[in-house]
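Participant: Please find one structure pasted underneath; my questions will follow.
Quick note: the coordinates plus some simple rules give every number you see, no bench work behind them. Note that this is a predicted model, so its numbers are computed, not measured. Note that we place each Cβ from the backbone using ideal geometry, even for glycine, and neighbour counts take in every protein chain shown.
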Amino acid sequence: MIEKYGFTAMDVPAGLVPGRVVEFRRDVYSVVTGRGEVDAVLKGSFMYDAVVRADLPCVGDFVLLEFNDSGVSRIVRLLPRFSKFSRADSSGHGYAHVKANMEQVVATNFNYVFIVTSLNRDFRVNRILRYLTQARGSGGQP
């Protein structure tokens, strides 16, 4: 799985399992691994080392985790991203110590960006141009 992105099994420290985040709800991540899908939380040191929200895992991220067969696994490392779609975040949601009003990463590690819109009265060419600009800056191909 991670070989496609420049990592090999040799790069994974002993005792850790690579996985990909497929869902995030509250403080729990759903991560797909070679051993199946598991629920995972951030390891305490990982969580408190995050300075900005973009330092936290997001849907699409590849992570290394301490796998737990009988309970919740712990995410210990975020692997580098090759693409990222984000937006400004002023919600103040998330961990209290992580700076808000910065960037909210919506999705990562994708190849293509599809822009779909209705052709009703709300259609705006400028909106499509804005989306194309964001898509080009994301690292994916619009």
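Participant: Quote the FRET efficiency, to the nearest 0.05, computed for D39 versus N120 with a Förster distance R0 of 41 Å and r equal to the Cβ-Cβ distance. Walk me through the intermediate numbers first.
Facilitator: Details: r = 40 Å, r/R0 = 0.97.
Result of the calculation: an efficiency of 0.55.
Participant: Give me the net charge for the shell around V113: Cβ to Cβ below 12 angstrom, other residues only, Lys and Arg +1, Asp and Glu -1.
Facilitator: +2
Participant: Around R35, with a cut-off of 15 angstrom between Cβ atoms, what is the net charge of the other residues, counting Lys and Arg +1 and Asp and Glu -1?
Facilitator: Here the charged neighbours net out to -2.
Participant: If you plug each phi of the stretch 44-57 into the Karplus form 6.51 cos²θ - 1.76 cosθ + 1.60 with θ = phi - 60°, what whole-Hz ³J(HN,Hα) values come out, in order, with x for Gly and Pro?
Facilitator: x, 5, 5, 4, 7, 7, 5, 9, 10, 4, 5, 6, 8, x
Participant: Also, I was wondering about something else. Can you give the FRET efficiency to the nearest 0.05 for T133 and V22, using r as the Cβ-Cβ distance and R₀ = 30 Å?
Facilitator: Details: r = 28 Å, r/R0 = 0.92.
So the FRET efficiency works out to roughly 0.60.
Participant: I would also like to ask the following. Under the rule of at least 5 residues apart or a separate chain, name every residue whose amide H is placed under 5 Å from the amide H of S83.
Facilitator: For S83, whose amide H was placed from the backbone, the distant partners under 5 Å are N109, F110.
Participant: Let me ask something else. Between V72 and D49, what FRET efficiency follows from the Cβ-Cβ distance if R0 is 25 Å, with the result rounded to 0.05? Working shown, then result.
Facilitator: Details: r = 20 Å, r/R0 = 0.79.
E(calc), rounded to 0.05, equals 0.80.
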